[in-house]
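Visitor: Below you will find the structure I want to go over with you.
The values are calculated or read from the model by the stated rules, or taken from the named source; none is laboratory data. Remember, it's a predicted structure, so these values are computed and weren't measured experimentally. Here Cβ is always computed from backbone atoms with ideal geometry, including for glycine, and neighbour counts include all displayed protein chains. These accessible areas exclude ligands, DNA and RNA; they are computed on the full protein's heavy atoms, side chains included. Shrake-Rupley method; radii C 1.70, N 1.55, O 1.52, S 1.80 Å.
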Amino acid sequence: MQQDKHRAKAEQPSDSFAPYADEAGVRTIGALSFENGTDRIALHGSLDLTRDKAGLTQARLLKQTLDAIVKALEGEDLPDTVAEAPEAAPNSVPNPFA
């Protein structure tokens, strides 16, 4: 019974992450970050899935996160591609050392 409590807790993410819901949400698993956006989710970093309880916990959270992303995508009428954002013109600032 005690083991089931730990298992249920390990499967629950400590943060809320709703795919494509906002431009600010981030879920981090190990050193891998899922950065939310309304038209894309960016992945940065790396993740070592070790062959232990910690690795299992991280693998479950990774699967849960990817399943949520797939579910969000499957629930929409998707375009063929998302337009790339135009490059912003660089801002010129005065040299503080001049």
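Visitor: So L78 ticks every box in (1) modelled with pLDDT of 95 or more; (2) among the hydrophobic types (A, V, I, L, M, F, W, C); (3) loosely packed, with under 11 Cβ neighbours inside 10 Å but one. Which box is left unticked?
Guide: Every listed condition holds for L78 apart from (1).
Visitor: Residue check: is D39 of a type in the set (D, E), in a loop (DSSP other than H, G, I, E, B) and open to solvent by 80 Å² or more (accessible area, probe 1.4 Å)?
Guide: no
Visitor: So, H6, is that one modelled with pLDDT of 95 or more and open to solvent by 70 Å² or more (accessible area, probe 1.4 Å) or not?
Guide: When the stated conditions are applied, H6 does not pass them.
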